[in-house]
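Input: a single structure, listed below in structure tokens.
Values quoted throughout were computed directly from the atomic coordinates according to the rules given, and no laboratory measurement underlies them. Note that the coordinates shown come from a computational prediction; the quantities given were computed from them, not determined experimentally. Neighbour counts are summed over all protein chains in view; Cβ atoms, including those assigned to glycine, are modelled from backbone coordinates with ideal geometry.
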Amino acid sequence: HSSAPSFLSKVVATRRLLPDSQARLERQENIDLVQWQGDNTMPRDQLLKDIKGAEALICMLSDKIDKEVLEAAGPQLKLVTTLSVGFDHVDLKTAKEKNIKIGYTPEVLTDATADLAALLTLAAARNMKQGIDAVQNGGWQDWRAAWLCGHQFTGKTLGVVGLGRIGQAVAKRLGAFGIDRLIYWGRTKKEGVDGELVSMDELLKDSDFVLVCCPLTPDTKEMFDYEAFKKMKKNAIFVNISRGGVVKQDDLARALKEKLIAGAGLDVTTPEPLPLDDPLQSLDNCVVLPHIGSATFETRETMCGMMIDNVLAVLEDKAIPYELKR
Ligand code: NDP
Ligand code: DGY
């Protein structure tokens, strides 16, 4: 790309985008696009090399955008825009010091992620993993009255940790299944919500379903440890769509093994992908999905479009439409 005319702005993308957005990005005549074409995370040494001279970076939650990357870019980098609402993979402090704007994709993925959270809650509560295993592996011998009984929602208490956009959307969905009481933990009381802000201890003690929808921050890191699982009800279902880092995963495996809680549904783990020999893999009361919360065609295409809107705005020295305000 050293041969690119000087009026072009270098933009690095760590992945190909969804079809419409990819075509739109390629149509931009003022952009010298350097894009990783592999179906894997852009290798870090490649990113460190390619980012040099870039004005904008389009990245994914699987890329670690730390000080080293931001420094490797050089002083002309104006924007890092990520295909996610979560931003725990980006060094916000260094970005601020260097006057680099951060773009992200809030709201448009709320419905898709809330749908998946509801799916995981249902799957974990109704033994879906054991059910599918039984059908496929010959364990389905006959109809049995007490076989694979799970937990009903009617009249139960839902505890949401982080009742933000996604947390509220999940509560609404599970309300339709008969949840009777909503309690939540966070830093502020949410106005206009038919739920009660409680202490973490109270939430753990009272909830039949514990749903984690908060961001991963130094405050929330590994907040779910053995002590926390011990405080939960024996029939509790634990669901995490946030980030794997909020859970001390070995403690969760131990809690599930010891039946301190009834089951878990996880869309996020540490690490990702979850190794095949991870203790969680062999537990039949733990349903794990590969971080697909926002993965609908509609949502992902919209998210990609927002990243391009951000890039085009920053290259014209305009305010970016989807900026993470800090
Ligand atoms: P929001 O900002 O709308 O909601 C987050 C909530 O967490 C807020 O209501 C906030 O409430 C609460 N919270 C509790 N503790 C903290 C803390 N220490 N710092 C900040 N907030 C805190 O975000 P979204 O609902 O849009 O997304 C939530 C998270 O879900 C994302 O950060 C991301 O990690 C994850 N996610 C996962 C997806 C997946 O594919 N699995 C898809 C999309 C998002 P209060 O301020 O009152 O504390
Ligand atoms: C996010 O947006 O933070 C998700 O994890 C992926 O959509």
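Of the residues making up segment 192-245, those that are hydroxyl-bearing (Ser, Thr, Tyr), surrounded by 15 or more Cβ atoms within 10 Å (Cβ to Cβ) and within 16 Å of ligand 2 (Cβ to nearest atom) number 2.
State whether the residues of segment 40-52 include one that is in contact with a Ser or Thr (Cβ under 7 Å, 6 or more places away or on another chain) and either within 12 Å of ligand 2 (Cβ to nearest atom) or assigned to a loop (DSSP other than H, G, I, E, B) (or both).
Of segment 40-52, the ones in contact with a Ser or Thr (Cβ under 7 Å, 6 or more places away or on another chain) are 41-42, 47.
In the following step, the residues that additionally are either within 12 Å of ligand 2 (Cβ to nearest atom) or assigned to a loop (DSSP other than H, G, I, E, B) (or both) were identified as 41-42.
Yes - at least one qualifying residue is present in segment 40-52.
Answer with yes or no whether Asp39 is among the charged types (D, E, K, R) and surrounded by fewer than 14 Cβ atoms within 10 Å (Cβ to Cβ). Answer is yes for this residue.
When you check Lys259 against the structure, is it in contact (Cβ under 8 Å) with a residue 24 or more places away in the chain, out of contact with any helix residue (DSSP H, G or I) (no Cβ under 6 Å at 6 or more places or on another chain) and on the phi > 0 side of the Ramachandran plot, yes or no?
yes
Counting just the residues of segment 89-122 that are in a helix (DSSP H, G or I) and β-branched (Val, Ile, Thr), which one comes out surrounded by the fewest Cβ atoms within 10 Å (Cβ to Cβ)? Across segment 89-122, the extreme among qualifying residues is Thr94.
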